[in-house]
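Chemist: Next up is a structure, given as structure tokens.
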Amino acid sequence: MTDDEMARFRADVECALREIDRLRAENAGLRGELERLRRPGRRAGAAYGSHRRRPAPPRVDETIGVALPRTCPDCGGVVERTGTIAQIQEDVPRTAPTVTRFLIEVGRCGGCARRLQARHPRQTSDAVGAAGVQVGPWALALGTALHYEAGLSFGKCAAVLAQTTGIAVAPSTLARAAARVAGQCQGIDGALRAEVRTATVVTPDETGWHVGGHGAWLWTAATDTTTVYALAPSRGTGVVDRLLGLDYAGIVVRDGWAPYRQLTQAQHQTCLAHLLRRCAELRADSSGRGREIPNRVAALLHDALALRDRREAGELAPATVRRRVPVLERRLDALLGRPAIRHPGNRRLLQHLGTERAALFMFLREPGVPATNRRAEQAIRPAVVNRKTWGGNRTWAGAHVQAALMTVLRTGRQRQLDGGALLTAALCAPGRASPALIRP
């Protein structure tokens, strides 16, 4: 046996021993957790968990006294009052919709003869005459949010509005209103997309979609305060360019999809959750020595995540964690330098790791960089639920409305803004809504 082979053998033995120690510790922890869960009764003391209760609203609109009966309903004895306790109840008001008539002054300029028409801040449209009966901004905003956030079809949105507010509105009216809101939000949408293209860290992802019954793709790019969406017929590099720009120079946290590698000026972090899931699938489909490679890769990635956890807990300084990255890379290189691997799944896994080598441990070098693309997957999940409800979009015009309104609503939620108030302000804004409606 040559010296190189002996060194590789020793490294493999050390790696196997570390994996055995880790599994023993994990096994002990799982046994303790299992014993704890097997104990009967509710958890006592600090282990019980946090107590949750509905917070009291800031105001009380009505107070009703609830009197005791004079006699006991069981035995007929005289009831003596011993005190008063309070209960607070919130409910949806069952009142008729508010109807507002605007008396709009019109006139003509004495200089240029231009016709002028006044507009109140609560108006959503300048239409008069045959189109002079309008649905108000709050109702339209509610219908839009129900469709694009809650996933209801426009028909169900109209039914909810009729049942809860008493306003009868056609589904087509809500669809046209959504297009109008999206048009009003063009300035906001454009400003948010510009923010993402200059963000320090961004997480993109994509999923299948349907437009007019044909296959399409829903893309997203998310930061900690902004999320933008785009719908496209392609899953290629052109959409990455449109979403982020091929000159993007921040840090991209993404899965292994090849078009993201075209962002050559950016630094990359590949999603470790995808790799760990791939290792688990390989272990499930293999036996014996076929499980060795996925076991070692999973151990390497878990050790990297443990370093991150210790840094975030304050146990290790960021500089110390950065100094340990080369140790992890040497372990990876030992795996990549193994002789020919017969198992095709293991071979493809190592080839993929070789391609992604520079993007595996960026989250250890730069604090604040996620180790997974969970942020983008969380942004896509509500859209996937909606897709399962009503399938997608009928037209590309509707698809672009979908992308713009999801961008505004999701970002508003991230920044703790009232989505209904945001859409209402956009509807009532003359011309185009100001990007300042969503605070930086």
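The values are calculated or read from the model by the stated rules, or taken from the named source; none is laboratory data. Bear in mind that the values here come from a model prediction, so they are computed numbers and not experimental data. Glycine gets a Cβ as well: all are built from the backbone with ideal geometry, and neighbour counts include every protein chain shown. Surface areas here come from the heavy atoms of the whole protein model, side chains and all, with no ligands, DNA or RNA. Shrake-Rupley method; radii C 1.70, N 1.55, O 1.52, S 1.80 Å.
Chemist: What are the residues in region 429-439 that are surrounded by fewer than 20 Cβ atoms within 10 Å (Cβ to Cβ) and either assigned to a helix (DSSP H, G or I) or without any contact (Cβ under 8 Å) to a residue 40 or more places away in the chain (or both), if any?
Modeler: Result: Gly431, Pro435, Ala436, Arg439.
Chemist: Given the criterion open to solvent by less than 40 Å² (accessible area, probe 1.4 Å) and out of contact with any His (no Cβ under 9 Å at 6 or more places or on another chain), identify the matching residue among Leu364, Leu275. Steps first, please.
Modeler: On the way: Leu275 fails: out of contact with any His (no Cβ under 9 Å at 6 or more places or on another chain).
From the options Leu364, Leu275, the qualifying one is Leu364.
Chemist: Quick one: how many residues across region 2-41 are closer than 16 Å to Arg330 by Cβ, of a type outside the set (A, V, I, L, M, F, W, C) and free of Cβ contacts under 8 Å to residues at least 60 places away in the same chain?
Modeler: Residues flagged as closer than 16 Å to Arg330 by Cβ, of a type outside the set (A, V, I, L, M, F, W, C) and free of Cβ contacts under 8 Å to residues at least 60 places away in the same chain within region 2-41 amount to 3.
Chemist: Any idea which of (1) over 18 Å from the mean Cα position of the chain (by Cα); (2) in contact (Cβ under 8 Å) with a residue 40 or more places away in the chain; (3) within 30 Å of Pro318 (Cα to Cα) is the one Arg357 doesn't satisfy?
Modeler: Only one criterion in (1) over 18 Å from the mean Cα position of the chain (by Cα); (2) in contact (Cβ under 8 Å) with a residue 40 or more places away in the chain; (3) within 30 Å of Pro318 (Cα to Cα) is unmet by Arg357, namely (2).
Chemist: Which pairs turn up if I take residues in region 194-215 that are of a type in the set (Phe, Trp, Tyr) and look for partners that are surrounded by fewer than 16 Cβ atoms within 10 Å (Cβ to Cβ) with beta carbon separation below 8 Å, at least 6 apart in sequence or on another chain?
Modeler: Taking only residues 6 or more apart or on different chains, the pairs are Trp209/Gly215.
Chemist: Which fully enclosed helices (runs of 4 or more DSSP H) of region 326-421 have 2 or more residues being at pLDDT below 95? Lay out the reasoning, then the answer.
Modeler: Numbers: elements: 344-355, 362-365, 374-390, 396-414.
Qualifying helices (runs of 4 or more DSSP H): 344-355, 374-390, 396-414.
Chemist: Being modelled with pLDDT under 95 and in contact with an Asp or Glu (Cβ under 7 Å, 6 or more places away or on another chain), is that true of even one residue in region 264-273?
Modeler: no
Chemist: In addition: Output yes when any residue across region 239-256 is outside any helix (DSSP H, G or I), at pLDDT below 95 and hydroxyl-bearing (Ser, Thr, Tyr), and no when none is.
Modeler: No, region 239-256 has no match at all.
Chemist: Restricting region 195-234 to residues that are over 29 Å from Ala371 (Cβ atoms) and open to solvent by 50 Å² or more (accessible area, probe 1.4 Å), which is modelled with the lowest pLDDT? Can you show your working first?
Modeler: As a first pass, look at region 195-234 and keep what is over 29 Å from Ala371 (Cβ atoms): 210-216, 233.
Now drop any that are not open to solvent by 50 Å² or more (accessible area, probe 1.4 Å), which leaves 210, 213-215, 233.
Values: His210: 94, Gly213: 90, His214: 93, Gly215: 94, Pro233: 95.
Only one residue tops the list, namely Gly213.
Chemist: Would you please list the contacts, defined by Cβ atoms under 6 Å and residues six or more apart or on different chains, that run from a residue in region 296-315 that is in a helix (DSSP H, G or I) to a residue that is crowded, with 16+ Cβ neighbours inside 10 Å and among the acidic types (Asp, Glu)?
Modeler: Pairs that qualify, where the first residue is in a helix (DSSP H, G or I) and the partner is crowded, with 16+ Cβ neighbours inside 10 Å and among the acidic types (Asp, Glu), are Ala299/Glu19.
Chemist: Something else now. Suppose we keep only residues that are out of contact with any Cys (no Cβ under 6 Å at 6 or more places or on another chain) and closer than 15 Å to Glu19 by Cβ within region 281-295. Which one would you say is modelled with the lowest pLDDT?
Modeler: Top of the filtered list is Arg289.
Chemist: Among the numbered criteria (1) at positive phi; (2) not in a loop (DSSP other than H, G, I, E, B), which single criterion is violated by Gly76?
Modeler: The single condition Gly76 does not satisfy is (2).
Chemist: A further question on this structure: Consider region 89-114. How many of its residues are of a type in the set (A, V, I, L, M, F, W, C), within 30 Å of Glu62 (Cβ to Cβ), open to solvent by less than 100 Å² (accessible area, probe 1.4 Å) and out of contact with any Gly (no Cβ under 8 Å at 6 or more places or on another chain)? First the steps, then the outcome.
Modeler: Of all residues in region 89-114, those of a type in the set (A, V, I, L, M, F, W, C) come to 92, 96, 99, 102-104, 106, 109, 112-113.
Now drop any that are not within 30 Å of Glu62 (Cβ to Cβ), which leaves 92, 96, 99.
Filter again for open to solvent by less than 100 Å² (accessible area, probe 1.4 Å), leaving 92, 96.
This time we only want the ones that are out of contact with any Gly (no Cβ under 8 Å at 6 or more places or on another chain), so: 92.
Of the residues in region 89-114, 1 are of a type in the set (A, V, I, L, M, F, W, C), within 30 Å of Glu62 (Cβ to Cβ), open to solvent by less than 100 Å² (accessible area, probe 1.4 Å) and out of contact with any Gly (no Cβ under 8 Å at 6 or more places or on another chain).
Chemist: Assess whether Ala86 counts as being more than 30 Å from Gly65 (Cα to Cα) and more than 27 Å from the chain's Cα centre (by Cα).
Modeler: Numbers: more than 30 Å from Gly65 (Cα to Cα): no; more than 27 Å from the chain's Cα centre (by Cα): yes.
It is false that Ala86 is more than 30 Å from Gly65 (Cα to Cα) and more than 27 Å from the chain's Cα centre (by Cα).
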